[in-house]
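The values are calculated or read from the model by the stated rules, or taken from the named source; none is laboratory data. As the structure is a prediction and not an experimental result, all values here were calculated from the model. Cβ coordinates were reconstructed from backbone atoms using ideal geometry, including for glycine residues, and neighbour counts include every protein chain displayed.
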Amino acid sequence: MKISQIHYPLSKTLSLIVDDWTMNPGEQWAVIGANGSGKSLIGQLLSGDLVSDNGTITERPDRVGYVSFEKQQEILDEERYNDDSEFMDRIDTGTPVAELILQESNDTERLQQLSELLGMEHILDRGFRLLSTGETRKLLLARALMLQPQLLILDEPFDGLDAASHQTLEALLARLMREGVMVILLLNRFSELLPEITHVAYMQQCRLLASGSREELLESGALQKLHSFHQLPEQLPPRDPDHQIDPPPANLPLVKMQNIKVSYDDKNIIDGLNWQVNNGEHWAVRGPNGCGKTTLLSLISGDHPQGYANDLRLFGIQRGSGETIWDIKKHQGLVSSSLQLSYRVPVSALNLIISGFFDSIGVYSNPSDRQKEIALQWLEVIHLQQQAHTPISQLSYGEQRMLLIARAMVKHPPLMILDEPCQGLDEINREMVLKLLDQIGQLGETTLLFVSHHEEDYPSCINHRLEFVAKNTGGFNYVMSGE
């Protein structure tokens, strides 16, 4: 496959540019670059989702599988359109996984083989809205593999996967490569360069700067630029003095759960959890894909309807005692993949951060000059001040994730819920975010709840752990530890 003289305009000042790139049979590729460098655009170009009037792509295989954030968004948008919850006496959990996979090919035998390979037999009957981040990645991969692709393009394929699923996917990709499938990985983490990858391409500012053998590129000076660390300010931006919120009672836990049970279609997702989060405790929440971590966080964020049916206290308030959702959300900041997927309103980077003052998706009130100033300061903290007025739809997945982190912190909440906050971040931004979160944790004003499958992604301030441990009889035990 050969790409020549691609020049695809993205804005008045920026274009996707690929002058010359040849991928020969037998080569396996990774595309590396910082957040906003254009890696995902390359995936869209190679898959045929992005069509350029300039330049040529020759010898592209007929069968191309593509897994990306954009493909996930397509399914989510369709599921929202078909959501019949308001016409039903129960929550519409969405299209079953098996049905979504079979939309690509009605080969039930291949579906069974893939579900066994990916360890997803137990979720084939589950509705799309009940899937965890890792389970959604498996669904997207299965859909792509149903096509029996000759070319497989994977944009951050390991994001959201637990250790076991990560190893399973590594083994599957190695097998596909041995069988002659060309694989192109779009990656932020150098640690996810599989041993089978033979060639590397380097993107910067939406331009393919270099491509060649793995050894040649990894030793080049160009890739070393990815390791230059962004500096953080000594002091974080202040609170808005005109937007003060009464703090929750200091003598009560931020979160208190007693015998929590959540189930769907007679299947227990959380069963008998007793847990308490106090001021000054920073918790890591760990467990395999599908164990209930995302459900747990949605109970705390106030977004889960079964919170009312449980003995759950948030910031001293008993759920179901007449409080509003805003009574809950005003005390917390949230970063998650589901929030990022939901944030589809046409706003600028600056307004996305400002929306954190109002706990809204979009800005529907006139922000004060002070709030605009604070939001601009947060843009400087995350080194996106040049993108202040850029629509978020034109920003990369990683850049959007950085904005969500700033949005969550803009009001200095007592509790910050972080569901895979480093997902989609390059090495520089990941290191910066971890140092930023550690700085926030050390200040003592904000308690962190942190979910990640990567041990290296936990900031050093984490001092407590809640682990979901599978039982031989099914379900999970809840193991807690801390200082």
Search segment 364-387 for residues being assigned to a helix (DSSP H, G or I) and hydrophobic (A, V, I, L, M, F, W, C), and hand back the single one that is surrounded by the fewest Cβ atoms within 10 Å (Cβ to Cβ).
Leu376
Six or more apart or on different chains, Cβ atoms under 7 Å: show the pairs whose first residue is in segment 97-124 and at positive phi and of a type in the set (Asp, Glu) and whose second is outside any loop (DSSP other than H, G, I, E, B) and crowded, with 18+ Cβ neighbours inside 10 Å.
none
Being closer than 19 Å to Ser298 by Cα and surrounded by fewer than 23 Cβ atoms within 10 Å (Cβ to Cβ) is the requirement here; does Ile361 meet it?
yes
How about segment 151-186: which of its residues are under 21 Å from Leu131 (Cβ atoms) and part of a helix (DSSP H, G or I)?
Ala163, Ala164, Ser165, His166, Gln167, Thr168, Leu169, Leu172
Would you mind stating whether Ile325 is surrounded by fewer than 18 Cβ atoms within 10 Å (Cβ to Cβ), closer than 30 Å to Trp378 by Cα and assigned by TED's automatic domain parsing to the domain that holds Ile374?
yes
Per the filter on segment 19-52, residues more than 18 Å from Leu187 (Cβ to Cβ) and under 29 Å from the mean Cα position of the chain (by Cα) are Gly48, Asp49, Leu50, Val51, Ser52
How many residues, within segment 278-290, are modelled with pLDDT under 90 and in contact with a strand residue (DSSP E or B) (Cβ under 9 Å, 6 or more places away or on another chain)?
2
Determine, yes or no, whether Ala210 is outside any helix (DSSP H, G or I), closer than 30 Å to Ser11 by Cβ, over 24 Å from the mean Cα position of the chain (by Cα) and assigned by TED's automatic domain parsing to the domain that holds Thr22.
yes
When you go through Ile245, Ile260, Ile269 one by one, which is the residue that is in a strand (DSSP E or B) and modelled with pLDDT under 90?
Ile269
Residue under evaluation Glu196, criteria (1) assigned to a strand (DSSP E or B); (2) more than 30 Å from Leu130 (Cα to Cα), criterion not met:
(1)
Test result for Glu467, of a type in the set (D, E, K, R), touching a strand residue (DSSP E or B) at 6+ places or on another chain (Cβ under 9 Å) and more than 21 Å from Ser338 (Cβ to Cβ):
yes
Residues in segment 56-77 that are of a type in the set (Asp, Glu) and touching a strand residue (DSSP E or B) at 6+ places or on another chain (Cβ under 7 Å): how many?
1
Options Ser220, Ser165, Ser228: the member that is under 22 Å from the mean Cα position of the chain (by Cα) and either modelled with pLDDT of 95 or more or farther than 19 Å from Ile3 by Cβ (or both):
Ser165
For segment 242-253, indicate whether the set of residues that are closer than 16 Å to Leu466 by Cβ and touching a Phe, Trp or Tyr at 6+ places or on another chain (Cβ under 8 Å) is non-empty.
no
Given the structure, is Asp62 more than 19 Å from the chain's Cα centre (by Cα) and loosely packed, with under 15 Cβ neighbours inside 10 Å?
yes
Pick from segment 168-219, criterion in contact with a Phe, Trp or Tyr (Cβ under 8 Å, 6 or more places away or on another chain) and of a type in the set (S, T, N, Q), ranking: surrounded by the fewest Cβ atoms within 10 Å (Cβ to Cβ)
Thr198
